[in-house]
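Below is one structure, written out as structure tokens; comments come after it.
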Amino acid sequence: MSFDRTIKIAPSILSADFANFGQEIQAIEAQGADWVHVDVMDGHFVPNLTFGPPAVKAFRPHVKTVMDVHLMIAPVDPYIQAYADAGADILTAHIEAGPHTHRTMQAIRAAGMKAGVALNPGTPAEAVEHLLDLTDLVCVMTVNPGFGGQKFIDMTSKVRKLRQMIGDRPVHIEIDGGVDPKTAPLVAAAGADVLVAGSAVFKGGSVESSGVYGDNIRAVRAAAESAV
Ligand code: DX5
Ligand code: ZN
């Protein structure tokens, strides 16, 4: 995985057909997805439950791009090796998930993955300032995590601040929640390069009519690129 700041679209399979993940992943990649975003929820850190390591391992052979695994779980550390074994390329943990995110970032990298840190909307940019040399990605949540299809919360000033703090470091800024062709330009202009989109990519499409996924991905990408 080489580093660059071009706009990358990462569809969240939280909005896919849960009975058909293999084909859904193949469809979004064929239609131009840059990364595949996998939302792991534990019913404790967030009020919803999704994928454990065996499910993520089953997705792996279908993902030819980058498997971007977003952990919305607490604690994180006991599960790092299991998600490494499941084949995650990037493993992102929330700064709010425990007192030792610094150690968590080291452990994710030691397990051979890229390390991401996510911030809830109520958490300031400064919370990750001392993690930036241990981190490959900062995920700015633009909804309160737990569900797809929520309304975008404007975090542009946080993104701008992070972009400044990151400077020349090879650290991605990822935006997660409520990204669509209307909101994408705001965050792209502020310095984000990875845009997660669930409902905006999957809406109106299916494995059978996957061209809609392509139209949706192109619409988000074009909107974002026009603002950079
Ligand atoms: C929210 C998840 C997001 C979500 C995005 O807890 O982390 O990845 O699936 O979905 P949309 O794009 O529908 O807001
Ligand atoms: Zn996510």
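The values are calculated or read from the model by the stated rules, or taken from the named source; none is laboratory data. All values derive from a computational prediction rather than experimental measurement. Note: ideal-geometry Cβ built from the backbone for every residue, glycine included; neighbour counts use all protein chains shown. What goes into the accessible areas is simple: the full protein's heavy atoms, side chains included, and nothing from ligands, DNA or RNA. Shrake-Rupley method; radii C 1.70, N 1.55, O 1.52, S 1.80 Å.
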Q.
Quick check on my filter: what residues within the stretch 96-119 are within 16 Å of ligand 2 (Cβ to nearest atom) and surrounded by fewer than 19 Cβ atoms within 10 Å (Cβ to Cβ)?
A. Glu96
**Q.** Filtered residues of the stretch 60-69 (kept if within 15 Å of Asp34 (Cβ to Cβ) and assigned to a strand (DSSP E or B))
**A.** Met67, Asp68
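If only one of Val40, Val63, Val46, Val56 is open to solvent by less than 50 Å² (accessible area, probe 1.4 Å), more than 26 Å from Thr183 (Cβ to Cβ), in contact with a Gly (Cβ under 9 Å, 6 or more places away or on another chain) and not basic (Lys, Arg), which one is it? Step through it out loud before you land on a result.
Values: Val40 fails: more than 26 Å from Thr183 (Cβ to Cβ); Val63 fails: more than 26 Å from Thr183 (Cβ to Cβ); Val46 fails: more than 26 Å from Thr183 (Cβ to Cβ).
Exactly one of Val40, Val63, Val46, Val56 is open to solvent by less than 50 Å² (accessible area, probe 1.4 Å), more than 26 Å from Thr183 (Cβ to Cβ), in contact with a Gly (Cβ under 9 Å, 6 or more places away or on another chain) and not basic (Lys, Arg), namely Val56.
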Q) Any chance the stretch 70-77 includes a residue that's part of a strand (DSSP E or B), out of contact with any helix residue (DSSP H, G or I) (no Cβ under 9 Å at 6 or more places or on another chain), in contact (Cβ under 8 Å) with a residue 60 or more places away in the chain and surrounded by 16 or more Cβ atoms within 10 Å (Cβ to Cβ)? A) yes
